[in-house]
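Student: The structure that follows is given in the form of structure tokens.
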Amino acid sequence: MFLVTLTYLASPEVINGGLREHVAFLERHHVTGMFLAFGAKIPRNGEVILVRPTTQQELWKILREDPFSQGHLACYESQEFLASNIQPDLFKLLHQGCTDSGAAVALSSRPSR
């Protein structure tokens, strides 16, 4: 899994002006199940995205599609992690529709009970 953090590089007015397209990008990947959760950081100087297991290459391919990336409005950092303890509901969500053999590589543990 990945934890992606965005840090805004533009003024709040510029960020707000591009927010509709950026949110559409986030929603598109949320609907597919790639983005498990996302939201604003507090204080609101960026965002956080929780991404299902994938490859670094695929992750960065997706992130380059973000209008904030294309417009140089945010910088991105990603941290891959192995989820060794997972709530049962999240475990089920992570394994829904996994047709790509690489999609669940990082999930080798059983859900915690």
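The numbers here are math on the coordinates, done by the rules we state, and not lab data. This is a predicted model, so every value here is computed, not measured. Here Cβ is always computed from backbone atoms with ideal geometry, including for glycine, and neighbour counts include all displayed protein chains.
Student: Given H placed 1.01 Å from N in the peptide plane, which residues other than close sequence neighbours of Leu36 have an amide H under 5 Å from its amide H?
Tutor: Leu50, Val51, Arg52
Student: What distance in nm separates the simple spin-label points at Gln96 and Glu58, each placed 7 Å from Cα in the Cβ direction?
Tutor: Each label point lies 7 Å from its Cα, and together they span 1.8 nm.
Student: Which whole-number percent gives the relative contact order of segment 2-95, counting Cα pairs below 8 Å spaced six or more residues apart?
Tutor: 43 percent
Student: Okay, moving on. Tabulate in residue order the Karplus-calculated ³J(HN,Hα) for segment 74-90, using 6.51 cos²θ - 1.76 cosθ + 1.60 with θ = phi - 60°, rounded to whole Hz; enter x for Gly and Pro.
Tutor: 8, 10, 10, 10, 10, 10, 7, 8, 9, 7, 8, 10, 10, 4, x, 5, 5
Student: Using a simple spin-label model with points 7 Å from Cα along the Cα→Cβ vector, what separation in nm is obtained for Leu3 and Gln87?
Tutor: 1.6 nm
Student: So what is the orientation-averaged projected area of segment 2-95, using the convex hull of its C-alpha atoms, in nm²?
Tutor: Value for segment 2-95: 6.2 nm².
Student: Short version: ³J(HN,Hα) in whole Hz for each residue of segment 44-61, in order, from phi by Karplus 6.51 cos²θ - 1.76 cosθ + 1.60 (θ = phi - 60°), x for Gly and Pro, what are they?
Tutor: Going residue by residue, I get 6, 10, x, 9, 10, 10, 9, 10, 4, x, 7, 9, 4, 4, 5, 4, 5, 4 Hz, with x marking Gly and Pro.
Student: Under 15 Å from the Cβ of Glu27, count the other residues' Cβ atoms, weight Lys and Arg +1, Asp and Glu -1, and hand me the total.
Tutor: -2
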